[in-house]
């Protein structure tokens, strides 16, 4: 009996193995235990299937006796109880490959689940593990393919190798027709100036790409807000739905520029109503540059405090000496140009302008003290108080020295005294002089001398027409060649009329105080000396003659007596 059963069992197995031969067959669940499921596979045969191969819900298998299952007979394998070993996994896998084969032939669309990322693309479960290249994820480049992990997506089979177990799928081909159809409808409905609704797809440093439902538009960072935006993430986030304004649409290149701030009222349209010139305002410093600082007065409205409007003093080198980003500062509105989107602000206007009272606090001719702030080719600027600078022109530095540059006498930062020469408060100009602290050598000379005086002088330099003589410190006079005794015309090309650095006595023959010109003559001195000598000689001769005559008069009576 046992031999018969064994023979029948063997026949049944042989019959099954011939009919199954590793292919999937459909059977009926006979019994479900904790470890296995018994399946009637026909031909009076039953097989055993490990319960671990069946899906579970809350830890319990979902199949029950009477349910049908697809299984594969593991050829030549029996359980200790004599049951044929079955595999549900292989049956599912075989069916999956059959389905993929059919889908490839019919160009059908399947649904798969993205299970993970691999080099060059994604892995998709379509019954078997299939590879999807990164270029086949979407009709447009995708910068974040990880976002698809865990999603169920439509795909098309593009390549199969069942023997090697390789399958390649494409989401791009599955959605291309639908995308193209929606894209065409979308393009027909887009107009410049109109509104469009889309989802933030990804962010870059310069903006955000918005999925409008088949085509991407660019929301540039400058069009996100009327206010200052450092990075797009400050305004929008990936996945956020937005209604935007179509700013520009290039149908040929399918380029769409979008704007978010255009959906809100422009604060500059009514800025003149809120910021009248002279109004005091408080704002936040958002940036500092070499020429000033920008202050945010409200979202989308910024004003500039120019460096020249930060302090009445001209000493400040950089705005960072006064403000820094993040500071809350009070300022005064100076000018509003809503069309140019500009507001000029000032800090120094919070205090009184020192120039408005300078004329009442300083008098012309008074002596002031200050620090040399700047040297230029034409003079030196001296700060006599905070915000008040005066100019000492190079010509007012010295009475006696010929100054070519102020640095010959002064250096930056030096504390000096000066005399106020002129005050022009409306033009913010103050003229100072340093030579006026000392008497004018020229004026002193003209006061002490007149034409005909004799003066001693040292020859300091010679020219073709005469020699210049220093008759006092800083005072030079001219002695023309014609006023030098014995000097002949043409001699100047060979030798000066008088040797340089030698001292002589000259006669003043001309004085012009207005033009500061003094004429000297050496010849006149010689002529005067000659006249004096002649006069002395004549005087001596006359005296001698008078003496002789007097003596003769005294001798005349004696001679008369002798005659008698």
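The values are calculated or read from the model by the stated rules, or taken from the named source; none is laboratory data. Because the structure is predicted, anything quoted here is derived from the model rather than measured. As a convention, Cβ positions derive from the backbone with ideal geometry for all residues, glycine included, and neighbour counts pool all protein chains shown.
Just to be sure I understand, how many residues within the range 75-89 are at pLDDT below 75 and buried (at least 17 other Cβ atoms within 10 Å of the Cβ)?
Residues flagged as at pLDDT below 75 and buried (at least 17 other Cβ atoms within 10 Å of the Cβ) within the range 75-89 amount to 2.
What's the total number of residues in the range 231-271 that are on the phi < 0 side of the Ramachandran plot and touching a strand residue (DSSP E or B) at 6+ places or on another chain (Cβ under 7 Å)?
Pass one, the range 231-271, residues on the phi < 0 side of the Ramachandran plot: 231-238, 240-253, 255-271.
Adding the requirement that they be touching a strand residue (DSSP E or B) at 6+ places or on another chain (Cβ under 7 Å) leaves 232-233, 236-238, 240-249, 256-260, 262-263, 267-268, 271.
Residues meeting the conditions: 25.
Of 247, 264, which residue is within 30 Å of residue 191 (Cα to Cα) and modelled with pLDDT of 90 or more?
Numbers: 264 fails: modelled with pLDDT of 90 or more.
Going through 247, 264 in turn, the sole match is 247.
Is it the case that some residue within the range 484-502 is modelled with pLDDT of 85 or more, closer than 20 Å to residue 450 by Cα and over 60 Å from the mean Cα position of the chain (by Cα)?
no
Is it true that some residue in the range 485-498 is part of a strand (DSSP E or B) and in contact (Cβ under 8 Å) with a residue 40 or more places away in the chain?
Checked the range 485-498: no residue is part of a strand (DSSP E or B) and in contact (Cβ under 8 Å) with a residue 40 or more places away in the chain.
Considering only residues of the range 450-462 that are out of contact with any strand residue (DSSP E or B) (no Cβ under 6 Å at 6 or more places or on another chain) and surrounded by fewer than 17 Cβ atoms within 10 Å (Cβ to Cβ), which is farthest from residue 529 (Cα to Cα)? Before you say what the answer is, go through the steps one by one.
Taking the range 450-462 as the starting set, the residues that turn out to be out of contact with any strand residue (DSSP E or B) (no Cβ under 6 Å at 6 or more places or on another chain) are 450, 452, 462.
Adding the requirement that they be surrounded by fewer than 17 Cβ atoms within 10 Å (Cβ to Cβ) leaves 450, 452.
Details: 450: 19, 452: 13 Å.
Within the range 450-462, the match that is farthest from residue 529 (Cα to Cα) is 450.
I'd like the full set of residues that are more than 43 Å from the chain's Cα centre (by Cα) and under 20 Å from residue 357 (Cβ atoms), limited to the range 421-437. Please lay out each step first, then the result.
Looking only at the range 421-437, we keep the residues that are more than 43 Å from the chain's Cα centre (by Cα), and these are 421, 434-437.
Within the range 421-437, 421 is the sole residue that qualifies.
Which residues, taken from the range 113-135, are under 14 Å from residue 165 (Cα atoms) and part of a strand (DSSP E or B)? Before the answer, list the steps.
Initial filter on the range 113-135 (under 14 Å from residue 165 (Cα atoms)): 123-131.
Result: 123, 124, 125, 129, 130, 131.
Among the residues of the range 191-232, what is the count of those that are part of a helix (DSSP H, G or I) and either surrounded by 13 or more Cβ atoms within 10 Å (Cβ to Cβ) or in the same structural domain as residue 139 (by TED's automatic domain parsing) (or both)?
Going through the range 191-232 one residue at a time, the tally reaches 3.
In the range 464-479, how many residues are free of Cβ contacts under 8 Å to residues at least 12 places away in the same chain and surrounded by fewer than 16 Cβ atoms within 10 Å (Cβ to Cβ)? Quick ask: steps written out before the conclusion?
Here is the first cut: in the range 464-479, the residues free of Cβ contacts under 8 Å to residues at least 12 places away in the same chain are 468.
Okay, now just the ones that are also surrounded by fewer than 16 Cβ atoms within 10 Å (Cβ to Cβ), so none.
Number of matching residues: 0.
Pick from the range 288-300 the residues that are modelled with pLDDT of 90 or more and surrounded by 15 or more Cβ atoms within 10 Å (Cβ to Cβ): which of them is farthest from residue 196 (Cα to Cα)?
Filtering first and then ranking leaves 292.
Only one residue in 416, 459, 469, 455 is part of a strand (DSSP E or B) and within 18 Å of residue 384 (Cα to Cα), so which one is that? It would help to see each step written out before you state the result.
Details: 459 fails: within 18 Å of residue 384 (Cα to Cα); 469 fails: within 18 Å of residue 384 (Cα to Cα); 455 fails: within 18 Å of residue 384 (Cα to Cα).
So the residue among 416, 459, 469, 455 that is part of a strand (DSSP E or B) and within 18 Å of residue 384 (Cα to Cα) is 416.
Evaluate the following for residue 188: is it under 34 Å from the mean Cα position of the chain (by Cα) and either surrounded by 15 or more Cβ atoms within 10 Å (Cβ to Cβ) or without any contact (Cβ under 8 Å) to a residue 24 or more places away in the chain (or both)? Show your work before the answer.
On the way: under 34 Å from the mean Cα position of the chain (by Cα): no; either surrounded by 15 or more Cβ atoms within 10 Å (Cβ to Cβ) or without any contact (Cβ under 8 Å) to a residue 24 or more places away in the chain (or both): yes.
For residue 188, the condition - under 34 Å from the mean Cα position of the chain (by Cα) and either surrounded by 15 or more Cβ atoms within 10 Å (Cβ to Cβ) or without any contact (Cβ under 8 Å) to a residue 24 or more places away in the chain (or both) - is not met.
Hey, among 59, 66, 116, which residue is exposed (fewer than 15 other Cβ atoms within 10 Å of the Cβ) and modelled with pLDDT under 75? Before you say what the answer is, go through the steps one by one.
Numbers: 66 fails: modelled with pLDDT under 75; 116 fails: modelled with pLDDT under 75.
The conditions single out 59.
Whether any residue in the range 159-171 is buried (at least 18 other Cβ atoms within 10 Å of the Cβ), over 39 Å from the mean Cα position of the chain (by Cα) and either touching a residue at least 60 places away in the same chain (Cβ under 8 Å) or in the same structural domain as residue 229 (by TED's automatic domain parsing) (or both) is what I want to check.
yes
Of the residues in the range 143-153, how many are surrounded by 15 or more Cβ atoms within 10 Å (Cβ to Cβ) and either touching a helix residue (DSSP H, G or I) at 6+ places or on another chain (Cβ under 7 Å) or part of a strand (DSSP E or B) (or both)?
Keep residues of the range 143-153 that are surrounded by 15 or more Cβ atoms within 10 Å (Cβ to Cβ), which gives 145, 147-148, 153.
Now restrict to residues that are either touching a helix residue (DSSP H, G or I) at 6+ places or on another chain (Cβ under 7 Å) or part of a strand (DSSP E or B) (or both): 145, 153.
Final tally of qualifying residues: 2.
Looking at the range 463-483 only, could you name the residues that are farther than 14 Å from residue 508 by Cα and within 60 Å of the chain's Cα centre (by Cα)?
Across the range 463-483, the qualifying residues are 463, 473, 474.
Counting only residues that are in contact with a strand residue (DSSP E or B) (Cβ under 7 Å, 6 or more places away or on another chain) and surrounded by 13 or more Cβ atoms within 10 Å (Cβ to Cβ), which one in the range 19-30 is modelled with the lowest pLDDT?
20
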